[in-house]
Amino acid sequence: MSTPTLDFEPGDVPLPQGHFIGGSFVPGGETHIDVRRPSDGVPLGYVPDACADTVDRAVSDALSAWKASGWGTRPPRERARVLARWADLIDAHAVSLAQLETVSSTRPVAEAYASDVPFTADAIRFFAELADKLGGDLAATRQDSLGFISSEPYGVVGAITPWNFPLSMCSWKCGPALAAGNAVVLKPSEMTPFSTLRLAELAIEAGMPPGVFNVVNGRGATTGAALTRHPDIAKVSFTGSTRTGVAIMTEAAQHGVKPVTLELGGKSPQLVFEHVTNLEHTAHCIARGFTSNGGQACVAGSRLIVHKRVAGPLLDALQRLLAPIAPGPVWRSSTRYSPLISRMQAERVESLIAASVADGAEVIYGGGFFEGTGDGYFHRPTLLANVTGRTPAVREEVFGPVLTVQTFEDEDEGIALAAHPTYGLAAGVHTSDIGQALRAMRRIAAGTVWINRYGRSGDLIIPTGGFRQSGIGKDLGREALLASMRHKSVLIDFEAL
Ligand code: NDP
């Protein structure tokens, strides 16, 4: 099949307006938030900023719809059919969804079309397929009794998603929650809500009962917090910064001791040992790992830890790969490189680089912004050497295309440098020695370890989530479906029957 024309004019894309509550768009009567195009900083439109009353209405509607529709008590296969139709509709609207994803975000339209949209459809399809595949063991009880686990949906789940991959994050949160039989009220980032609103509309077309999937727009500190606190939100699933994750966990504890799934920040190492089979391939993994989406990915491989003997050739190969990178508006299909999401994010990246340089770090490649992109913040891929564990860019998540470089001389030293005092989201290990790879895998505290690759595959059965301050619980995989249900222990005595 040939690739359709993906280039578009951002001003020509009709933007879904309002909140999506009870199966239709609801205008926001409250204040509005301006949305800008990250590629050039031009205002694009606005979204309503939901107050606590609007959140209350969305959650109450969701609870009523959940009860009235019997979404949670239907045979799982029926829910699976709706979700599978939803996934098919997402595929069928791939071009317009890619454009809506791109219009206010950092996602280049070609990548949104080739990856984000099909990945979103596949994630929903994956959880549809899993919906009726769960079964438990009978417990090893006394002979005159029967013990087992009965799993049931929570009710209404609150989901809060970030701006870096709006469609995928929506599917990671909603796929398992809806397949498990919950209703969902989702707050997308106010910077990138449009593709999520369109997904909600397509869910209705797929046959989802109105009110089972709802989207409220607004700021995190108000709308997001009101959602977390709402007494009828039984569980919260969030992806974003560790700071906000802590706030959500605190709110969830104080307002109902609610379970949370938190996918938070990272400072993931790319550990390159002395012997790798293909140095070009390794360099490619490193380059993609920290420049993809302008470095704005939770699993960005932002710390290169490389054996002294290969450091020179690897850095040469890396710089050859970085040299052709050029900025461009994300609505051009030729664009591969992403801008930073906002001025605030640009300032954060620059201030972390400046603080690192003040601490002794040296910019050995890149630095600063590409010129001629108006108010679009296209940061140059940047390599920082002479860094230590104290350097701000080593300690903190930068969320920009910045890679710190540290060298080592033996396996223990490399693994020790790969460890991070705070984060444990992902790690890349590159070596042709499988024993060395497995030793490193065992010793690195990270929720995901990629060996001789960097980044997720389409294998959605593999869950993702962080250790320590990188989060709690898992997205994707069987684990995400199980975490969308509460599990009741049942014990029956035969004697009394
Ligand atoms: P946040 O974690 O603050 O935002 C993520 C989502 O949470 C947004 O929808 C946000 O809404 C919402 N939110 C914010 N505060 C609250 C709250 N108190 N209660 C409920 N929801 C809330 O990330 P930022 O956009 O502020 O980015 C800052 C940094 O976070 C980045 O530099 C990066 O380091 C990290 N980050 C990590 C991500 C990841 O994938 N792990 C994704 C995004 C950011 P709103 O946008 O309105 O504030």
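Go through the range 243-253 and give me each residue that's surrounded by fewer than 22 Cβ atoms within 10 Å (Cβ to Cβ) and either in contact (Cβ under 8 Å) with a residue 24 or more places away in the chain or of a type in the set (A, V, I, L, M, F, W, C) (or both). First the steps, then the outcome.
Taking the range 243-253 first, the residues surrounded by fewer than 22 Cβ atoms within 10 Å (Cβ to Cβ) are 243-244, 246-247, 249-253.
Selection gives Thr244, Val246, Ala247, Met249, Glu251, Ala252, Ala253.
Hey, could you check the range 314-346 for residues that are more than 16 Å from the ligand (Cβ to nearest atom) and of a type in the set (S, T, N, Q) and say which is surrounded by the most Cβ atoms within 10 Å (Cβ to Cβ)?
Thr335
Counting only residues that are of a type in the set (Asp, Glu) and closer than 15 Å to Arg85 by Cα, which one in the range 111-145 is surrounded by the most Cβ atoms within 10 Å (Cβ to Cβ)? Write out each step before concluding.
Going residue by residue through the range 111-145, those that are of a type in the set (Asp, Glu) are 111, 116, 122, 129, 132, 137, 144.
Pick out the ones that are also closer than 15 Å to Arg85 by Cα and you get 122, 129.
Values: Asp122: 18, Glu129: 15.
Looking at residues that are of a type in the set (Asp, Glu) and closer than 15 Å to Arg85 by Cα, I get Asp122.
Looking at the range 292-313 only, could you name the residues that are more than 16 Å from the ligand (Cβ to nearest atom), surrounded by 22 or more Cβ atoms within 10 Å (Cβ to Cβ) and either over 23 Å from the mean Cα position of the chain (by Cα) or within 30 Å of Glu9 (Cβ to Cβ) (or both)?
Once the filter is applied, which keeps residues that are more than 16 Å from the ligand (Cβ to nearest atom), surrounded by 22 or more Cβ atoms within 10 Å (Cβ to Cβ) and either over 23 Å from the mean Cα position of the chain (by Cα) or within 30 Å of Glu9 (Cβ to Cβ) (or both), the range 292-313 yields Ile305, Val306, His307.
Under 6 Å between Cβ atoms, at least 6 apart or on separate chains: pull out the pairs that start in the range 183-208 with a residue that is touching a residue at least 60 places away in the same chain (Cβ under 8 Å) and among the basic types (Lys, Arg) and end on any residue that is outside any loop (DSSP other than H, G, I, E, B) and away from the ligand (no atom under 16 Å from the Cβ).
Pairs found: Arg198/Leu100.
For Gly70, only one of the following conditions fails: (1) among the small types (Gly, Ala, Ser); (2) surrounded by fewer than 16 Cβ atoms within 10 Å (Cβ to Cβ); (3) in contact with a strand residue (DSSP E or B) (Cβ under 6 Å, 6 or more places away or on another chain). What is its number?
The one condition Gly70 does not meet is (3).
Quick check on the range 67-76. Is at least one of its residues of a type in the set (S, T, N, Q) and either touching a Phe, Trp or Tyr at 6+ places or on another chain (Cβ under 9 Å) or under 16 Å from Asn182 (Cβ atoms) (or both)?
Initial filter on the range 67-76 (of a type in the set (S, T, N, Q)): 69, 73.
Then keep just the ones that are either touching a Phe, Trp or Tyr at 6+ places or on another chain (Cβ under 9 Å) or under 16 Å from Asn182 (Cβ atoms) (or both); that gives 69, 73.
Within the range 67-76 (the criterion being of a type in the set (S, T, N, Q) and either touching a Phe, Trp or Tyr at 6+ places or on another chain (Cβ under 9 Å) or under 16 Å from Asn182 (Cβ atoms) (or both)), the answer is yes, since at least one residue qualifies.
Are there any helices (runs of 4 or more DSSP H) wholly within the range 1-109 with 3 or more residues that are in contact with a Gly (Cβ under 8 Å, 6 or more places away or on another chain), and if so which? Walk me through it before giving the result.
Numbers: elements: 52-69, 76-92, 94-103.
Fully inside the range 1-109 and qualifying: 52-69, 76-92.
Kindly state which helices (runs of 4 or more DSSP H) lie completely within the range 381-452 and contain at least 2 residues that are away from the ligand (no atom under 16 Å from the Cβ) and basic (Lys, Arg).
Helices (runs of 4 or more DSSP H) meeting the threshold: 434-443.
Considering only the range 42-59, state which residues are away from the ligand (no atom under 16 Å from the Cβ) and surrounded by fewer than 16 Cβ atoms within 10 Å (Cβ to Cβ).
Answer for the range 42-59, where residues must be away from the ligand (no atom under 16 Å from the Cβ) and surrounded by fewer than 16 Cβ atoms within 10 Å (Cβ to Cβ): Val42, Pro43, Asp53.
Does the range 178-194 contain any residue that is surrounded by fewer than 22 Cβ atoms within 10 Å (Cβ to Cβ), of a type in the set (A, V, I, L, M), modelled with pLDDT of 95 or more and away from the ligand (no atom under 16 Å from the Cβ)?
no
Among the numbered conditions (1) near the ligand (Cβ under 9 Å from one of its atoms); (2) of a type in the set (Phe, Trp, Tyr); (3) touching a strand residue (DSSP E or B) at 6+ places or on another chain (Cβ under 7 Å), tell me where Phe165 comes up short.
With (1) near the ligand (Cβ under 9 Å from one of its atoms); (2) of a type in the set (Phe, Trp, Tyr); (3) touching a strand residue (DSSP E or B) at 6+ places or on another chain (Cβ under 7 Å) applied to Phe165, the lone miss is (3).
Let's see how each residue does on (1) over 30 Å from Asp7 (Cβ atoms); (2) touching a Phe, Trp or Tyr at 6+ places or on another chain (Cβ under 8 Å); (3) not hydroxyl-bearing (Ser, Thr, Tyr):
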position: Val299; (1), (2), (3): no, no, yes
position: Ala326; (1), (2), (3): no, yes, yes
position: Tyr337; (1), (2), (3): no, yes, no
position: Arg343; (1), (2), (3): no, yes, yes
position: Val363; (1), (2), (3): yes, no, yes
position: Gly367; (1), (2), (3): yes, no, yes
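Of all residues in the range 254-266, count the ones that are more than 10 Å from the ligand (Cβ to nearest atom) and either crowded, with 20+ Cβ neighbours inside 10 Å or of a type in the set (Ser, Thr, Tyr) (or both).
The qualifying residues number 3.
Among the residues in the range 202-212, are any buried (at least 24 other Cβ atoms within 10 Å of the Cβ), of a type in the set (Gly, Ala, Ser) and not assigned by TED's automatic domain parsing to the domain that holds Leu425?
Yes; the residues of the range 202-212 include at least one that is buried (at least 24 other Cβ atoms within 10 Å of the Cβ), of a type in the set (Gly, Ala, Ser) and not assigned by TED's automatic domain parsing to the domain that holds Leu425.
The values are calculated or read from the model by the stated rules, or taken from the named source; none is laboratory data. Please read all numbers here as calculations on a predicted model, not as lab measurements. Positions of Cβ are generated from backbone atoms using ideal geometry, with glycine treated the same way; all protein chains shown enter the neighbour counts.
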